[in-house]
């Protein structure tokens, strides 16, 4: 075999592997440790109802706070290399146990970082007990820029949140095959990490389990701005740190 031709095959294979790099979670390894639910939802592994096999289940404790799934650190970092043909996608199923569906026009995914915040522009409508595939192109036309700029935001994505609560009452939501079609560059942490909770409704990626009530308080804190948790009955209450804090 010609040596130069053989070398070209190796280089082409490496380039194809690099070009196809992506981040995907299908939960088939049974590991859900790095997936958190911001607010009062409880994450667990479902080994029966996935698409196919395993999936992640988020059970709502129904204490009045909208649950959002917080993606692990692998989904964060520098997204500036993404093109408009790249996307973030997932499969989702919602089961309503009781109550009624909420009317909302918020984006299904929220991206946030020092450069701003953006949410998906399309309105999501759940269909009871039906798997739906949601995919959002990383193109400004698919997103609502809530603060900052799209270019500035992509330089350092610190949080990826997926909404998982749709019912005023009891429910659970299944998530599977969460896919980012490229691999972000993980930025090293600069300076001090601090959650100040100084914005109403923003739990800053933290998960709170077994709570009777939860809210961001703008009157209590040191200085004011804190999370106030009401004790749940019959179980210990836990605050689980946001993904950017472990490491």
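The values are calculated or read from the model by the stated rules, or taken from the named source; none is laboratory data. The shown structure was predicted, so the numbers you read here are calculated from the model rather than taken from an experiment. With ideal geometry, Cβ positions are generated from the backbone for all residues, glycine too; neighbour counts draw on all protein chains shown.
Data table
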read-out: Leading residue by the ranking (modelled with the lowest pLDDT) among those in segment 113-133 that are part of a strand (DSSP E or B) and surrounded by 14 or more Cβ atoms within 10 Å (Cβ to Cβ); value: 113
read-out: Segment 51-80 - residue that is assigned to a loop (DSSP other than H, G, I, E, B) and in contact with a helix residue (DSSP H, G or I) (Cβ under 9 Å, 6 or more places away or on another chain) and, of those, surrounded by the fewest Cβ atoms within 10 Å (Cβ to Cβ); value: 80
read-out: Qualifying residue in segment 87-103 (condition: over 16 Å from the mean Cα position of the chain (by Cα), more than 22 Å from residue 240 (Cα to Cα), free of Cβ contacts under 8 Å to residues at least 12 places away in the same chain and not in a strand (DSSP E or B)); value: yes
read-out: Residue satisfying condition, being under 18 Å from residue 97 (Cβ atoms) and either at pLDDT 80 or above or surrounded by 10 or more Cβ atoms within 10 Å (Cβ to Cβ) (or both), within set 21, 12, 39; value: 39
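A quick yes/no check of all residues on (1) over 20 Å from the mean Cα position of the chain (by Cα); (2) closer than 30 Å to residue 127 by Cβ:
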residue: 147; (1), (2): no, no
residue: 150; (1), (2): no, no
residue: 159; (1), (2): no, yes
residue: 181; (1), (2): no, yes
residue: 207; (1), (2): no, yes
residue: 237; (1), (2): yes, no
residue: 242; (1), (2): no, no
